Structures are given as C-alpha cells and as structure tokens.
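Everything on this sheet refers to the single structure shown next.
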Amino acid sequence: MGVDSASMSEARRPAAETSSARPPSTAHSYNVRICHWINLVSCVYLLWSGVHIFLDFPELYWGHTGYRGYPAAFRLADWGLSWEEAGALGDRRWGRNYHFTAAWVFLINGLVYVVWNLYSSHFRNRMWPARDERTVAHVRAELRDHLRWRSRRHTANGSYGTLQKTSYLILIFVFVPLMILTGIAQSPGFTAAMPMLLDLFGGRQTARTLHTIATLALVLFVLVHVLEVAAAGFFVKVRSMITGR
C-alpha cells in the first residue's frame with residue numbers, strides 16, 4: 001500500500017517540476033554565439049561609419065561617373081537636407097577608416113562562421129529545409145502564420161521555420177557576398193587588381209548605389225529578425241544566445 005501511495009504521489013507531481021529537473025538543451029554552439037556577437041558589433045560599426053560616408057557625399061548615381069551637379073539617381077537634398085547640411089553631419093575620413101576596419105572583422109568572422117558550420121553540419125542539420133518543409137502547402141501555411149503573428153512557435157522551441165531557414169541561407173550565401181563585392185568594387189585599389197568588378201556592376205557608382213540599397217534591405221531584415229525574437233520571448237532568446245541554453 002505504501003508503494004502504491006508513493007507511485008500515485010509521483011504521478012501527481014506537476015509536469016513543470018519534472019521538466020525542470022531535466023538538464024537544459026544546447027540551443028547555440030560556442031561558434032554560433034561568438035560569431036553572432038562579433039558580427040553584431042562589426043555591423044553596428046559598418047552601419048554607423050557608412051552613414052558618415054554617405055552624408056559626406058549625399059547623392060547616388062548609376063554608371064561609372066558621379067559628382068556634384070551630375071544627374072543623380074538619388075539626392076538627399078530632395079528630402080530636405082542640403083549637401084552642406086549633410087556634410088556637416090558626416091565625417092568621411094573617420095567613416096572610411098572605421099568602415100574598412102569593421103569590414104575586415106565582418107569578413108573574417110563570416111568566413112570562420114561559414115567554414116566551421118559547414119564542417120560541423122550545422123547548416124545541413126538546422127538550416128536546410130527538410131523535404132516536407134519545401135512543399136507549397138507548407139510554405140503557404142507558414143507564411144499565413146507569420147502574417148498572423150504565430151511564427152513564434154518555431155523560435156520558442158529553438159527550431160527554425162522554413163521561411164527563416166530560407167532567409168538565413170539567402171542572407172549568408174547570396175546577400176552578404178553581394179554586399180562585400182559591391183563594397184570592394186568602390187575601392188580603386190581592389191578594382192585595379194580586379195577590374196572585372198567594375199564590369200560586373202556596370203561602374204563604381206552603380207556599385208555604390210547597390211551597396212546603399214543592400215544596406216537598407218539589411219537594416220529591414222534586422223528589424224524583422226528582432227521582431228521575431230521579441231515574439232518568441234526577447235530576454236529568453238538573448239540569454240540563450242549568450243549562455244547557449
């Protein structure tokens with residue numbers, strides 16, 4: 001009878017108490033966490049220094065030629081900020097120095113991240129959509145969940161949805177290389193060694209315009225990413241990116 005009472009008492013134990021006794025699972029490896037925070041710092045410096053560079057030359061052009069007075073594809077003056085006012089806010093020399101330094105940190109950190117996660121099969125195991133996730137019906141249902149703000153069920157349990165996996169893979173293997181190429185295509189030193197970059201983008205000014213557009217798209221991606229993290233529990237997800245649990 002005593003054994004039966006103990007068994008019944010154990011069965012009545014709250015599920016939360018039982019689950020709390022389990023060791024926490026690993027959500028992010030050391031490599032992912034270290035590279036994530038280095039990437040965050042370098043991206044902040046890249047954005048801030050890039051804004052300074054742009055303010056010092058607040059117009060965008062297509063082709064090989066671009067200077068003040070030349071027909072521009074975009075002019076900050078059309079949005080109420082004159083060339084002189086923008087120049088007073090920006091510091092091109094400071095911006096160029098920090099932008100170039102942060103770009104090297106971003107590039108080396110990104111290469112370490114990609115090589116390590118290819119070696120550890122992280123991309124294949126956690127980032128590559130499974131066969132049943134690549135169906136039209138599944139993608140449509142997940143998109144509907146995103147629009148209805150239900151996508152947090154994926155990130156809350158540490159998994160990625162199909163749209164998240166696809167967007168991360170495109171960001172890492174398509175978007176970031178494009179940003180790097182359009183960035184170095186603006187450097188006379190690099191284009192002297194690799195003149196094909198100017199032909200690839202149709203001119204240094206076109207590369208600068210594409211680089212600026214890509215920066216705005218990246219900022220939008222980060223905002224959506226932060227919203228996804230907030231939907232899944234902001235402090236819990238940030239803590240997991242720090243502790244790995």
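Looking at this structure, is Val226 more than 30 Å from Arg96 (Cβ to Cβ), among the hydrophobic types (A, V, I, L, M, F, W, C) and either assigned to a helix (DSSP H, G or I) or free of Cβ contacts under 8 Å to residues at least 24 places away in the same chain (or both)?
Answer is no for this residue.
Could you list all residues from segment 60-94 that are among the aromatic types (Phe, Trp, Tyr) and either under 17 Å from His211 (Cβ atoms) or without any contact (Cβ under 8 Å) to a residue 40 or more places away in the chain (or both)?
Passing the criteria: Tyr61, Trp62, Tyr67, Tyr70, Phe74, Trp79, Trp83.
Of these, Gly87, Gly110, which one is part of a helix (DSSP H, G or I) and closer than 30 Å to Tyr67 by Cα?
Gly87
So, in segment 173-192, of the ones that are surrounded by fewer than 11 Cβ atoms within 10 Å (Cβ to Cβ) and either modelled with pLDDT of 90 or more or among the aliphatic types (A, V, I, L, M) (or both), which residue ends up farthest from Leu107 (Cα to Cα)?
Ala192
Among the residues of segment 87-134, write down those that are out of contact with any helix residue (DSSP H, G or I) (no Cβ under 9 Å at 6 or more places or on another chain) and modelled with pLDDT under 85.
Ser121, Asn125, Arg131
Given Asp56, Asp78, Asp132, which one is loosely packed, with under 12 Cβ neighbours inside 10 Å, within 30 Å of Thr206 (Cα to Cα) and either touching a Cys at 6+ places or on another chain (Cβ under 7 Å) or not hydrophobic (A, V, I, L, M, F, W, C) (or both)?
Asp78
From (1) over 25 Å from Pro177 (Cα atoms); (2) at pLDDT 90 or above; (3) surrounded by 12 or more Cβ atoms within 10 Å (Cβ to Cβ); (4) under 30 Å from the mean Cα position of the chain (by Cα), pick out the condition that doesn't hold for Ala27.
For Ala27, the failing item is (2).
The values are calculated or read from the model by the stated rules, or taken from the named source; none is laboratory data. These figures come from a predicted structure and were not determined experimentally. We place every Cβ from the backbone using ideal geometry, glycine too, and count neighbours over all the protein chains shown.
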